[in-house]
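Since the structure comes first, as structure tokens, the remarks are kept for the end.
Derivation of every value follows stated rules applied to the coordinates shown; laboratory data play no part. Being a predicted model, the structure only gives us computed values, none of them experimental. Cβ coordinates were reconstructed from backbone atoms using ideal geometry, including for glycine residues, and neighbour counts include every protein chain displayed.
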Amino acid sequence: MSGTVFSKDKCTEALRLMLLCRYFENKTESLFTQGFIHGTTHLSTGQEAAEVGLCMALDEEDWIVPTHRCHGVTIAKGASVFSAFSEMLGSKHGLSKGLGGSMHMSDKAHCNLGSSAVVGSGIPMACGVAFYLKRIRSKNVSVGIFGDGATSRGSIHESMNLASIWKLPVLFFLENNLYGMSAKSTDMISLSPLYKRAQAYSMPGFSTDGNDIEAVYHAVSEALSLIRSGNGPVLLEVLTYRQKGHSKNDKRVYRSAEEEQEWLKRDPILLFENKLAENGILREEELRALKEECLCFIEKEAERALSRKDERLSISEMEGLVFAKSVGEVQYDI
Ligand SMILES: Cc1ncc(C[n+]2csc(CCOP(=O)(O)OP(=O)(O)O)c2C)c(N)n1
């Protein structure tokens, strides 16, 4: 295995963030099974290198617009873990004050515009943010995150076309986890590899190993420098795998156990841990301590969120947030 190019501190930070994302998803699954979380939830277990590699390469003031599979990237961008758990538990301490749940978390303080259950709907919004950033002559970029399934939606194509024509500072971040619900992407999409969609919209497009955090980090950095130079959007496809089912009730009958086992060998956290061990960057006891610290932190934040889960918005507080004010009262604070 090749050496790492990250410093020891950066390696530790990368692993710490990936572990937090993984343990967050594990805890979420357990809270779901125990009936504490209602509705549905989409876990991104196995996609941590894509989420963390992206966020580590971004500047704090670069914006992201995640998908329905949003927990990991939301945490990697800086959200409070307590507030993310609280959102799923429906309390007013949640990122969206408990009104959104698993699929609708927004975190403006960390330049995260929020996610939506409507597949492909975040991409026009990411272009809107990019349009604004361009108008104020900011060097920041906007990242529209989407899956392979979403690439067949018209909103994605319209967004790419307009972003290219207007040279918007937007990174189209395509997390190809090989499936859209039960549909294998190679059975449903007329093109492979998917990053070649970029050609149709006259923008640079390339792909990288989405389970190798350093590869993702470097590919995102390369894309960002192209975008920041003012030449418009870039499409980056990261190749990864969704280890769990699409959502909570998915029995995964559409794929084989052998396929899953093969991908588990390429688990992004396992790959990075092995790399760090082989290159003498983290000793076994340091790794154990880091895992323990991350696990304790997640447990503690989940407990804290659980203990306050019944502190909910009143109906009138909720109405004040959900319904638009009448004309004349509206204040925009972007
Ligand atoms: C407009 C729209 N169509 C269909 C759905 C149902 N749906 C929810 S997730 C999903 C699959 C999305 O696949 P992909 O974009 O690859 O993302 P992934 O779930 O793999 O992360 C579908 C079809 C939806 N939520 N919105």
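Think of the chain as a dipole: +1 on every Lys or Arg Cβ, -1 on every Asp or Glu Cβ, centred on the Cα centre; then among Trp263, Asn176, Ile136, Ile136 lies furthest on the positive end. Which distance in Å, rounded to a whole number, links the C-alpha centroids of the range 217-247 and the range 69-103? Between the Cα centres of the range 217-247 and the range 69-103 lies a distance of 23 Å.
Here the Karplus curve 6.51 cos²θ - 1.76 cosθ + 1.60, taken at θ = phi - 60°, turns the phi angles of the range 175-192 into couplings of 8, 8, 9, 6, 9, x, 6, 9, 9, 6, 4, 5, 8, 10, 10, 6, 9, 8 Hz, with x standing for Gly and Pro.
Here the range 114-195 is assigned +1 on the Cβ of each Lys and Arg and -1 on the Cβ of each Asp and Glu. Its dipole about the Cα centre then comes out at about 500 debye. For the chain, a simple Cβ point-charge model (Lys and Arg +1, Asp and Glu -1, everything else neutral) yields a dipole of about 760 debye relative to the Cα centre. Cys21 sits among other residues whose Cβ lies under 9 Å from its own Cβ, and their net charge, with Lys and Arg +1 and Asp and Glu -1, is -2. Between Glu293 and Thr40, the FRET efficiency from the beta-carbon distance, with R0 = 30 Å, is close to 0.45.
For Val143, the residues 5 or more places off, or on other chains, whose built amide H falls under 5 Å of its own are Trp63, Ile64, Val65, Leu171. Extending 7 Å from the Cα toward the beta-carbon at both Leu162 and Ala183 defines two label points whose distance is 2.4 nm.
Each of Leu282, Leu17, Leu321 has some number of other Cβ atoms within 10 Å of its Cβ, and from fewest to most they run Leu321, Leu282, Leu17. In order along the range 63-69, the Karplus-derived 3J(HN,Hα) couplings, from 6.51 cos²θ - 1.76 cosθ + 1.60 at θ = phi - 60°, round to 9, 10, 10, x, 9, 4, 9 Hz, and Gly and Pro are given as x. Mean separation of Cα pairs under 8 Å and 6 or more residues apart, divided by the residue count, gives the range 8-308 a relative contact order of 22 percent. Residues Cys296, Cys111, arranged from fewest to most other Cβ atoms within 10 angstrom of their Cβ, appear as Cys296, Cys111.
What is the sum of charges, Lys and Arg at +1 and Asp and Glu at -1, for the other residues whose Cβ falls under 15 Å from the Cβ of Glu260? Walk me through the numbers before you get to the answer.
Working: positive: Lys184, Arg242, Lys244, Lys251, Arg252, Arg255, Lys265, Arg266; negative: Asp250, Glu258, Glu259, Glu262, Asp267.
Surrounding charge for Glu260 is +3.
Charging the Cβ of each Asp and Glu at -1 and of each Lys and Arg at +1, and nothing else, the dipole of the range 176-248 about its Cα centre rounds to 340 debye.
In this structure, the residue pairs whose Cα-Cα separation is over 22 Å, taken from Lys10/Lys265; Lys196/Lys244; Lys108/Lys184; Lys27/Lys291; Lys8/Lys275; Lys97/Lys251, are Lys10/Lys265; Lys196/Lys244; Lys108/Lys184; Lys97/Lys251. Going from the residue with the fewest nearby Cβ atoms within 10 Å to the one with the most, Phe272, Phe206, Phe82 rank Phe206, Phe82, Phe272.
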